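What follows is a short report on a single structure.
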Amino acid sequence: MGEIEEGLERATQTRDIPQSNAARIRFLVRAAKGSTKAVAQQLGVSQRTVQRWMVSGKVRPKAGTAKAIESAVKAKWQPRVKNRVRRAAEAKGFQVSGRATFGFASSAGSTDDPRERDVSQWLPGDVARRLFEARDSGAGEQQQAEIIAEGLQEYYFKDGGARAAGLNVEFTGIRYLDFGIDD
């Protein structure tokens, strides 16, 4: 998971997922309306194995299965909260804050060599919508970074079209990226 995906995940989560494998399995069983069989099928293990994991914190799944359990929990963890936060970001916009490498080229031929900068800017809902759609479609970190770069170019560096008309922004080397979304 890249910096953008992790930032979006932090912004849409209100609580961390359960830490122990037993608690994660109990959550999955509750989500499956009490069916250990359904959880076993989802994870590719026996029903008895799921029951052992759920009851005893001593029996632990193998590393690959533990990752599958974590992924399954994340997929079902607070989906209504995630959807509400996403709708709010798409309707009202969101705050993006981070540190990355920015470089510039303008139509006048001047350039600014890439350098690390801290940036914090409110971006409108259409940028949030494009970013979430790109993430949902499986677009990579680079495509998501381009969407954020276009938003920052327009609203941070060009001030919504008030200055630097021919400026093109390059956005690379993301150190960290956080998103603030008011729901």
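The values are calculated or read from the model by the stated rules, or taken from the named source; none is laboratory data. Keep in mind that this is a model prediction, so the values were computed, not measured. So basically every Cβ, Gly included, is an ideal-geometry build from the backbone, and we count neighbours across all protein chains shown. Just the protein is used for accessible areas: all its heavy atoms, side chains included, with ligands, DNA and RNA removed. Shrake-Rupley method; radii C 1.70, N 1.55, O 1.52, S 1.80 Å.
Give me a count of the residues in the stretch 154-183 that are assigned to a strand (DSSP E or B) and exposed (fewer than 12 other Cβ atoms within 10 Å of the Cβ).
Of all residues in the stretch 154-183, those assigned to a strand (DSSP E or B) come to 168-180.
Still in the running and exposed (fewer than 12 other Cβ atoms within 10 Å of the Cβ): 175.
Residues meeting the conditions: 1.
Filter the stretch 65-95 down to the residues that are open to solvent by 50 Å² or more (accessible area, probe 1.4 Å) and assigned to a loop (DSSP other than H, G, I, E, B) and list them by number.
If the condition is that a residue be open to solvent by 50 Å² or more (accessible area, probe 1.4 Å) and assigned to a loop (DSSP other than H, G, I, E, B), then no residue fits.
When you scan the stretch 25-47, do you find a residue that is under 25 Å from ASP182 (Cβ atoms), touching a helix residue (DSSP H, G or I) at 6+ places or on another chain (Cβ under 9 Å), of a type in the set (D, E, K, R) and surrounded by fewer than 16 Cβ atoms within 10 Å (Cβ to Cβ), even just one?
Filtering the stretch 25-47 down to residues under 25 Å from ASP182 (Cβ atoms) leaves none.
No; the residues of the stretch 25-47 include none that is under 25 Å from ASP182 (Cβ atoms), touching a helix residue (DSSP H, G or I) at 6+ places or on another chain (Cβ under 9 Å), of a type in the set (D, E, K, R) and surrounded by fewer than 16 Cβ atoms within 10 Å (Cβ to Cβ).
Could you grab the pairs with beta carbons closer than 8 Å, sequence gap of 6+ or different chains, first residue in the stretch 154-183 and without any contact (Cβ under 8 Å) to a residue 12 or more places away in the chain, second one open to solvent by less than 90 Å² (accessible area, probe 1.4 Å) and acidic (Asp, Glu)?
GLY160/GLU154; GLY161/GLU154
Look at GLU133 and say whether it is among the acidic types (Asp, Glu) and assigned to a helix (DSSP H, G or I). Write out each step before concluding.
Details: among the acidic types (Asp, Glu): yes; assigned to a helix (DSSP H, G or I): yes.
When the stated conditions are applied, GLU133 passes them.
Name the residue that is nearest to ALA89 (Cα to Cα), counting only residues in the stretch 3-16 that are touching an Asp or Glu at 6+ places or on another chain (Cβ under 8 Å) and surrounded by 14 or more Cβ atoms within 10 Å (Cβ to Cβ). Lay out the reasoning, then the answer.
Taking the stretch 3-16 first, the residues touching an Asp or Glu at 6+ places or on another chain (Cβ under 8 Å) are 3-5, 7, 10-11.
Next, only the ones that are surrounded by 14 or more Cβ atoms within 10 Å (Cβ to Cβ) stay: 3-5, 7, 11.
On the way: GLU3: 18, ILE4: 15, GLU5: 15, GLY7: 14, ALA11: 10 Å.
My answer is ALA11.
Residue-by-condition table, conditions (1) within 15 Å of the chain's Cα centre (by Cα); (2) not basic (Lys, Arg):
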site: ARG26; (1), (2): no, no
site: ALA32; (1), (2): no, yes
site: THR49; (1), (2): no, yes
site: MET54; (1), (2): no, yes
site: LYS62; (1), (2): no, no
site: VAL73; (1), (2): no, yes
site: VAL81; (1), (2): yes, yes
site: ARG86; (1), (2): yes, no
site: GLY93; (1), (2): no, yes
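Could you figure out which of (1) within 15 Å of the chain's Cα centre (by Cα); (2) surrounded by fewer than 17 Cβ atoms within 10 Å (Cβ to Cβ); (3) not aliphatic (A, V, I, L, M) isn't true of GLY103?
Result: GLY103 fails condition (1) only.
Would you point out which residue out of GLY103, GLY2 is in contact with a Pro (Cβ under 8 Å, 6 or more places away or on another chain), small (Gly, Ala, Ser) and under 23 Å from GLN143 (Cβ atoms)?
Numbers: GLY2 fails: in contact with a Pro (Cβ under 8 Å, 6 or more places away or on another chain).
None of the other options fit; the residue is GLY103.
When the residues of the stretch 1-47 are narrowed to those that are of a type in the set (Ser, Thr, Tyr) and assigned to a helix (DSSP H, G or I), which ends up modelled with the lowest pLDDT? If you could, list the steps in order and put the result at the bottom.
Let us first name the residues in the stretch 1-47 that are of a type in the set (Ser, Thr, Tyr), namely 12, 14, 20, 35-36, 46.
Narrowing further to those that are assigned to a helix (DSSP H, G or I): 12, 36.
Working: THR12: 83, THR36: 91.
Per the criteria, the residue is THR12.
From the list SER110, SER56, SER120, exactly one residue is modelled with pLDDT of 90 or more and loosely packed, with under 14 Cβ neighbours inside 10 Å. Which is it? Walk me through it before giving the result.
Values: SER110 fails: modelled with pLDDT of 90 or more; SER56 fails: modelled with pLDDT of 90 or more.
Exactly one of SER110, SER56, SER120 is modelled with pLDDT of 90 or more and loosely packed, with under 14 Cβ neighbours inside 10 Å, namely SER120.
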